[in-house]
Amino acid sequence: MAGTASIFRSLSPEDFDKITGLGQRLSFAAGDVIFTEGDEPDYLYLVDTGQVSIAIQRFDRHEELSLLGPGDCFGEMAILQNAKRSTTARAVTDTELLRVDKDTFLSLLNADPDLARRIDAVIAERSAELGIKEALLAGCSIQGRNMQISIKGDPSLRESAFTRDRHESVVDEVLDRLCPPIEELLIQRCATEVAIHFNSGEIRIFSIFDPFNAEVHPPNKLLERGYLDRHFPLIGYRRKVEMIRRLYRFIAEDECTRSVPAHIQRLYAAAHDEWTPIPAEELSAAIARLPRLRRIPNFYLRNVALGITRDAIRMQFNCDGTHIVDIKDFGRFFEENIA
């Protein structure tokens, strides 16, 4: 991953030498923070020896974007965009850096318009890459990461969680019987996502045939075979997956998509090309565990959303906030909270 954070990989050795020749040498011990998200952009840096991790804060944890080594530069994006730091840089090993003052760097660009134009030619692409990495997209692939994210909400809800009575909803009355129809909707019928709202009693369902709108259905009606047949046509899991892939290809080839910058087209095309559905058996196992999560004493499930187009389950419990869990790691999450 070395070098992915720096725009200077696109410059000539002569341009690169112009910048690094202005540097001041500094030493950082392993674990030292060089700058953090939100800091003012006062310097850019060149790695002489050692390694530097570039990471973003994703809710309750830092996620590494790049691991930089000798010859890599970082920290220039915030200077060029006149914005606060969007990442955190930390020395992974004992590290020697060259540091270039912001004003000195900008003075160089003012004195060398050709260099400034060459840098401008690549900064938009780097900015778009970071933006997509920062976002936890609804359809992003996170397979193999064993991801668990907690998004904190209203602290007053957390503090009063164990003093509030839990009231049974219309969903609770049928939950055990509701799980098989939900499994059928996602695996054998047209549904691509099902969201269960225990508090309101709503079941929100997205269909492959109307992917931009969620229909709200009463839970007791989903127990009726005739109701399922009227609202949710049968379609095999493999055929539904193939249809999703065709939709992604259509989006990639549409005139609107072709009108956006080429680097953004490439980034989204890569996400669509690499998309894989959740294995049907993992989806079934997750659905079967929902009643137990709803009935945990004190700390119980309030809302849950799961579907075949992303490999994470979003859950809200009664304390506050949201938990996003990789479906491959959902079994461990379940055991830890049920025990």
*Put a dot 7 Å past each Cα toward the Cβ at E282 and S200; how far apart are the dots in nm?*
2.9 nm
*Run the quick spin-label model on T93 and A262: label points 7 Å from Cα toward the beta carbon, then report their separation in nm to one decimal.*
3.7 nm
*Amide hydrogen neighbours beyond the local backbone of I296, cut-off 5 Å, H modeled*: L301
_3J(HN,Hα) from dihedral phi, segment 69-79, Karplus parametrisation 6.51/-1.76/1.60, rounded to Hz, x for glycine, proline_ = x, x, x, 8, 10, 7, x, 7, 4, 5, 5
*Just rank V174, V52, fewest to most, by other beta-carbon atoms within 10 angstrom.*
V174, V52
*Provide the packing ranking of 199-208, 252-261, i.e. peptides ordered by the mean count of other C-beta atoms within 10 Å per residue, highest first.*
199-208, 252-261
*asked:* Can you return the aspartates and glutamates within cross-link range of K221? Criterion is Cα-Cα under 19 Å, with same-chain partners fewer than 8 residues away left out.
replied: E168, D172, E173, D176, E183, E184, E193, E202, D229
_At R0 = 25 Å, FRET efficiency that the Cβ-Cβ distance of E37 and A270 yields, to 0.05_ = 0.50
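Here, each number is a calculation from the coordinates, and none is a lab measurement. The structure displayed is predicted, hence computed values, not measured ones. Neighbour counts are summed over all protein chains in view; Cβ atoms, including those assigned to glycine, are modelled from backbone coordinates with ideal geometry.
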